[in-house]
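Chemist: Starting off with a structure, shown below.
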Amino acid sequence: MKVLIATGIEKLDNDLSRMLPENNIETVGTSYHRSIVNKMIKETGADTVIISPALSGDDDIVELIRTMREKGIRVVALPGDLSLMKAQELIEKLVPYGVYDFVYDPVRPVVIIEKLLRPGKLGDIPKEIIDKLQRANISLPIIGEEKNEDTTGQQPEKHKHVRREELNPAKKGLTKLKIKNPINSINNKLQQITDETKAAVRDLLERKDNNNYNYEDSKVVTVWGPTGAT
């Protein structure tokens with residue numbers, strides 16, 4: 001990380017120039033005017049700029065930051081007091097350019113350092129501002145952690161579309177379950193009972209012919225099947 005300081009606040013610039021190296025963050029210089037920020041970025045190879053509207057110059061601050069973002073420069077912006085409309089409007093104009101690193105008043109160097117070490121996300125922006133941008137149909141870029149990038153170095157697994165034929169067990173080499181038809185089982189039972197009944201009737205007739213009929217020993221049970229009594 002190579003940081004260019006451009007807050008326009010002398011004491012803050014001095015504190016940052018001293019404290020950033022103490023936290024292993026390289027500083028490449030300090031800009032005191034908006035007109036030379038891009039020039040200093042090019043000359044120093046800065047990849048991060050800390051900037052605020054307090055920086056002197058006639059260049060539009062939003063346009064200046066836009067040109068930096070187009071070059072891939074990370075911007076940590078100090079918009080001021082979040083309760084003020086002016087600060088909210090500046091945030092609204094910068095978020096669509098992918099600026100998510102904001103440090104609000106009262107600004108302290110330690111908070112800026114923390115922001116440098118832990119980049120902001122879209123979710124860090126006040127919800128009221130995000131809702132307003134969405135109602136205006138303004139596209140919001142997604143960068144850094146918002147992409148949920150895989151830090152393991154592995155490619156995320158793609159969802160596989162399963163074709164209907166792949167669900168067929170016969171085509172997957174699986175054994176189909178054989179389920180017996182319950183109707184066939186019932187018919188077999190009925191046929192068995194019918195055969196037994198017919199045998200009992202024959203036995204009864206034979207006994208009657210032989211004058212040896214005994215009712216208790218030769219009861220015939222009427223069985224109702226699908227076609228009626230048998």
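Chemist: Sort out which residues of segment 18-74 are surrounded by fewer than 17 Cβ atoms within 10 Å (Cβ to Cβ), of a type in the set (S, T, N, Q) and farther than 12 Å from Val3 by Cα, and write them in order of number.
Modeler: Asn23, Ser35, Ser56, Thr67
Chemist: Select from segment 40-74 the residues that are within 36 Å of the chain's Cα centre (by Cα), of a type in the set (Asp, Glu) and not in a loop (DSSP other than H, G, I, E, B) and write down the one among them that is nearest to Arg108 (Cα to Cα).
Modeler: Applying the filter and picking the extreme gives Glu63.
Chemist: Give me the residue from segment 10-39 that is part of a loop (DSSP other than H, G, I, E, B), touching a residue at least 12 places away in the same chain (Cβ under 8 Å) and out of contact with any helix residue (DSSP H, G or I) (no Cβ under 7 Å at 6 or more places or on another chain) and, out of that set, nearest to Asp60 (Cα to Cα).
Modeler: This residue is His33.
Chemist: Just checking, which of Val99, Val95, Val75, Val110 is touching a Ser or Thr at 6+ places or on another chain (Cβ under 8 Å), in contact (Cβ under 8 Å) with a residue 24 or more places away in the chain and at negative phi?
Modeler: Criteria check complete, one pass: Val75.
Chemist: Please verify whether Leu82 is within 28 Å of Gly123 (Cα to Cα) and either in a loop (DSSP other than H, G, I, E, B) or touching a residue at least 40 places away in the same chain (Cβ under 8 Å) (or both), treating the condition exactly as stated.
Modeler: Yes: the conditions hold for Leu82.
Laboratory data are not the source of any read-out in this text; all were calculated from the coordinates shown. These numbers come from a predicted model, not from an experiment. So basically every Cβ, Gly included, is an ideal-geometry build from the backbone, and we count neighbours across all protein chains shown.
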